[in-house]
1. Measure off 7 Å from each Cα along the Cα-to-Cβ vector at residue 428 and residue 132, then give the distance between these two points in nanometres to one decimal.
2. Give the percent of DSSP beta bridges with both residues in segment 216-287 that are antiparallel, rounded to the nearest 5.
3. Charges only on Cβ, +1 for Lys and Arg, -1 for Asp and Glu: so what's the dipole of segment 1-147 about the Cα centre, in debye to the nearest 20?
4. Under 37 °C and 0.692 mPa s, how fast does segment 60-157 diffuse according to Stokes-Einstein, given a Kirkwood radius computed over C-alpha pairs? Answer in µm²/s, whole number.
5. Loop-only trypsin sites (Lys or Arg not before Pro) in segment 266-368, please: DSSP not H, G, I, E or B, and at most 15 other Cβ atoms within 10 Å.
6. Once you keep just the Cα pairs under 8 angstrom separated by 6 or more residues, what percentage relative contact order results for the chain?
7. Going 7 Å from the Cα of residue 208 toward and past its Cβ, which residues in segment 264-285 have a backbone nitrogen under 13 Å from where you end up?
8. Which of the lysines could be linked to residue 381 by a straight reach, that is with a Cα gap under 26 Å, when you skip same-chain ones fewer than 8 residues away?
Amino acid sequence: MTTIDFVLNGRQQHCDIAPDTSILTLLREQLGLTGTKEGCASGDCGACTVALSDNATQGYRSINSCITPAAKLKGKRLVTVEGLSAAGTLHPAQQAMVECHASQCGFCTPGIVMSLFTLYERVRHEAERGNTTPPDQESLEATLGGNLCRCTGYRPIRDAALAMFDLDAPHDVVQDTVSQADAESVTTDPTEAPTPGSDAAFYLRPQTLDELVTLRRDHPNARLVAGATDLWLESTQRLKPLSRLIDLSGVDELRKIDAAEHAGQQGWWIGAGITFEALTPWAHAHFPAFAHLLHRLGSQQIRHQGTLGGNIANASPIGDTPPVLLALDAKLRLVSTRGRRDLPLTDFFLDYKRTALADDEVIAAIFVPQRPPEVQLKVWKLSKRREDDISALLGAFYYRVEQGTLQDVRVAFGGMAATPARALSVEQALEGQPIDAATFAQARAQLEKSFQPMSDARGSSDYRQQAAANLLERLFLVLTSEDEEVMLHAYAR
């Protein structure tokens with residue numbers, strides 16, 4: 001068993017849990033708070049949404065409680081739908097849902113209310129700092145993009161999202177009776193690690209990179225927990241036990257972005273534990289096409305938890321970030337008690353779900369070289385749903401144009417092979433060549449020779465082959481058009 005102390009709806013909690021207990025299971029089965037619902041058990045529907053904060057001074061972020069380990073609550077503050085009302089008075093997020101008739105069967109409503117609550121709190125904190133700009137359509141879509149409603153329809157929910165800011169909050173968030181000092185005072189003792197090689201169940205949360213690699217060496221069969229947005233599906237969907245776990249989220253060294261030089265290149269070392277949400281401002285500043293992709297990488301709940309390093313280590317052939325990082329010529333820093341080694345990302349993926357990561361190693365950081373101003377990056381994702389969906393195919397294109405020819409070309413795809421991969425023969429067909437129909441016809445011919453895509457529920461092999469060829473054609477049209485884009489925004493990106 002693992003012992004956790006955390007603050008729930010303003011009150012201190014002390015719980016003993018099994019390592020593979022989710023927040024949802026803890027709330028419903030151990031603490032008797034059944035307002036939070038299980039809809040899909042995979043982080044898609046949002047019925048299980050709760051609000052989490054690292055401490056009393058930081059705002060709340062929405063997360064999916066069905067796929068988040070309960071042990072991650074240690075030392076944190078959690079708010080559920082039961083914690084919003086006070087003395088019989090509803091929170092504005094709740095009251096607006098009532099007044100706008102935004103609930104019908106009510107099953108998804110608690111999750112929607114909690115997503116609105118995090119938006120309300122974010123806007124309230126910004127107003128305290130002098131920013132009184134109301135939320136725009138993009139922020140509303142991001143907030144509610146991870147919440148599905150099968151019977152009410154979304155217009156009254158959107159109306160409630162806007163109306164709640166016209167209602168006065170009757171109280172300050174939750175009636176929090178626990179100071180931050182008291183909350184932290186019961187979380188200072190680390191969980192004792194079991195004897196190396198032991199079969200005992202454990203959930204360990206090291207605080208430094210040295211502690212992490214030591215635990216990795218001593219327990220090579222333990223599963224690493226970053227955001228758990230994919231790992232926890234093994235429990236909820238496959239019913240597999242997750243009994244020996246090492247949580248990376250306590251290691252501050254894994255959550256930094258540092259400008260640096262590596263092998264003569266200027267760029268950035270990005271900690272493997274940084275979440276997609278935390279990565280987005282950096283991407284906006286340096287790689288806007290990458291930032292646009294991150295907005296489509298799952299829901300906001302997923303982006304609050306999922307990490308860049310986890311997306312790479314998962315080694316899915318349809319992971320969203322690896323093709324982009326391959327096109328950017330990224331490098332990985334792998335660390336263990338034996339030292340560290342830097343490895344090009346192109347050498348990391350070996351086969352389906354198999355990588356060059358040794359049993360005692362962890363991914364510490366990802367180096368992304370700085371993009372010269374004349375170089376372009378295009379990233380196009382195809383999926384059945386525009387938002388909150390896994391890729392059927394993703395193409396990333398890196399290039400510059402010099403005197404009418406393509407230079408420094410890198411092309412990478414996800415969904416075209418057992419691993420994310422560079423299309424080397426396509427790159428060779430484009431490199432140094434004029435931007436004309438003949439050049440791109442040759443590139444498409446090389447594409448057909450380079451890949452034998454898989455077939456699955458998201459697309460057949462023939463579909464993926466044709467779609468990848470279409471993305472090359474799209475690149476040609478972009479390069480020969482006066483417009484930056486040549487397709488309808490809503491469907492193309």
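1. Roughly 6.4 nm, to one decimal.
2. 65
3. 320
4. After rounding, the answer is 223 µm²/s.
5. 338, 353
6. 12
7. Answer for this model: none.
8. Excluding near neighbours in sequence, the set is 331, 353, 449.
The values are calculated or read from the model by the stated rules, or taken from the named source; none is laboratory data. Remember, predicted model here, so these are calculated numbers, not experimental data. Glycine also receives a Cβ, built like all others from the backbone with ideal geometry; neighbour counts cover every protein chain displayed. Note: areas computed on protein heavy atoms with side chains; ligands, DNA, RNA excluded. Shrake-Rupley method; radii C 1.70, N 1.55, O 1.52, S 1.80 Å.
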